[in-house]
Amino acid sequence: MRLLIIEDELPMRIALVKTLEAEGYRVISAVDGPSGMESALTEKVDLILLDVMLPGLDGYALCRELRHRGQEVPVLMLTARGQVQDRVEGLDCGADDYLVKPFSMKELLARVRALLRRQSRVQAVPDTLLLGGLHLDFRKQEATREEELVEFTTREWDMLKLLVAAKEEPISREQFLDEVWEYNAWPTTRTVDNFVAKLRVKIEENPNAPEFVLTVRGIGYKLKVR
Ligand code: CA
């Protein structure tokens with residue numbers, strides 16, 4: 001995995017490089033907005049750590065420009081400020097996550113791992129999938145059955161993507177909580193069961209005798225794709 005750090009403060013940059021390299025990541029870095037932009041566009045990286053206050057071009061503008069050019073690489077914003085409006089602007093510009101300085105390196109590594117995991121899942125999900133009579137379009141997040149729209153919530157789409165990316169391997173309830181709920185809430189494993197029940201109502205012909213979202217006793221659930 002190759003990471004790009006765009007950060008002008010030397011001590012912070014050194015700390016980030018050291019921490020990430022110690023975890024086995026390959027790291028390249030840039031010291032201002034324009035050179036960061038250049039690296040982001042020309043180097044093949046799996047994730048960008050992006051400081052907000054940068055000389056030349058700030059992190060928000062840089063991120064917005066990347067997205068504008070169709071770059072979908074995950075971006076983790078780093079900022080010294082922590083006001084609500086900064087958070088909104090950070091996610092508005094197309095960043096995937098947001099970390100307020102000072103943060104612990106342990107927290108940073110957890111966020112990096114989560115984003116990389118999410119990204120590899122995104123890459124393992126096909127554009128479309130047919131489950132019985134249900135046509136799923138993962139790119140548009142649109143589901144139809146006999147040309148009628150079937151509504152799935154964002155969380156239900158995330159669960160489906162996780163199941164599809166697993167290629168018929170079972171996903172444990174804990175793994176669902178880790179990867180779909182992340183640090184947004186503290187649900188219990190029972191929550192997963194409730195969501196699976198809702199998924200089945202939308203996917204299965206008979207939710208009480210599921211053909212696609214199957215229970216794997218003692219583990220969790222898997223998606224049978226025919
Ligand atoms: Ca800075």
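The values are calculated or read from the model by the stated rules, or taken from the named source; none is laboratory data. Not measured: the values here are computed from a predicted model. Using ideal geometry, Cβ is built from the backbone for each residue, glycine included, and neighbour counts are taken over all protein chains shown.
Some observations on this one:
- Flag if Thr154 is modelled with pLDDT under 90, under 21 Å from the mean Cα position of the chain (by Cα), within 30 Å of Tyr98 (Cβ to Cβ) and exposed (fewer than 12 other Cβ atoms within 10 Å of the Cβ): yes
- Only one of the numbered conditions (1) assigned by TED's automatic domain parsing to the domain that holds Pro74; (2) in a strand (DSSP E or B) is not met by Leu136, and that is (1).
- Single condition Arg64 does not satisfy, out of (1) more than 16 Å from the ligand (Cβ to nearest atom); (2) within 18 Å of the chain's Cα centre (by Cα); (3) closer than 24 Å to Glu179 by Cβ: (3)
- Of Leu16, Leu54, Leu50, Leu99, all but one fail to be under 17 Å from Leu116 (Cβ atoms), more than 19 Å from the chain's Cα centre (by Cα) and within 14 Å of the ligand (Cβ to nearest atom); the exception is Leu16.
- Selection of segment 98-121 for residues being part of a strand (DSSP E or B) and buried (at least 18 other Cβ atoms within 10 Å of the Cβ) yields Tyr98, Leu99.
- Matching option when the condition is exposed (fewer than 15 other Cβ atoms within 10 Å of the Cβ) and modelled with pLDDT under 95, among Glu89, Glu72: Glu72
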